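Before any comments, here is the structure.
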Amino acid sequence: MTVLIDQPIWPAHNTVWAHIISDTSLDELHDFAHRAGIPRQGFDLDHYDVPARMWEQLVGLGAQPVSVREFVRSLEASGLRISQRERRLPSVPPPRGQSSP
């Protein structure tokens, strides 16, 4: 079980952003985000968006830095990835890998 973080290179809202994912489950990802103080509204179906200012803190908490290419490969291999096509559907399917409330 590993939480991965890519590089903060994605510009938006007057900063740059990184993303965190789990390589095994959304429950693990939500737990990590909660412990790190990342608000739930930062969750985007299969990852959390995190501002660059939090990058070092998240690595300190155990997020493993990876290249963008490795990040995408790991997300796809996990089976948790929500494709761009799925994101455009009127009703996005419930996230995979997450237990019911």
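Relative to the current alpha-carbon distance between residue 10 and residue 89, full extension at 0.36 nm per residue lengthens the span by 26.1 nm.
Out of the total accessible area of the chain (probe 1.4 Å, heavy atoms of protein only), what percent is carbon and sulfur? Carbon plus sulfur share of accessible area: 52 percent.
Of all DSSP-defined beta bridges confined to segment 1-77, some 85% are antiparallel rather than parallel. With semi-axes defined as the square roots of five times the eigenvalues of the C-alpha gyration tensor, the equivalent ellipsoid of the chain measures 20, 16, 14 Å, largest first. Basic side chains Lys and Arg get +1 at the Cβ, acidic Asp and Glu get -1 at the Cβ, and with that the dipole of segment 6-58 about its Cα centre reaches some 280 debye. As a length-normalised measure over Cα pairs under 8 Å and 6 or more apart, the relative contact order of segment 1-78 settles at 40 percent.
Charge dipole (Cα centre; +1 on Lys/Arg Cβ, -1 on Asp/Glu Cβ; no other charges) of the chain amounts to roughly 280 debye.
Under a Cβ-Cβ cut-off of 12 Å, what is the net charge of the residues other than residue 16 that fall near it, where Lys and Arg count +1 and Asp and Glu count -1? After counting each charged neighbour, the total is -1. For the Cα trace of segment 33-75, dividing Rg by the Kirkwood Rh returns an Rg/Rh value of 0.95. Remark: segment 1-70 carries 55 Å² of accessible area per residue (probe radius 1.4 Å; ligands, DNA and RNA excluded). Relative to the dominant Cα principal axis of the chain, helix 68-78 is inclined by about 40°.
The values are calculated or read from the model by the stated rules, or taken from the named source; none is laboratory data. Just so it is clear, the model here is predicted, and its values are computed rather than measured. Note: ideal-geometry Cβ built from the backbone for every residue, glycine included; neighbour counts use all protein chains shown. Accessible surface areas use protein heavy atoms only, side chains included; no ligands, DNA or RNA. Shrake-Rupley method; radii C 1.70, N 1.55, O 1.52, S 1.80 Å.
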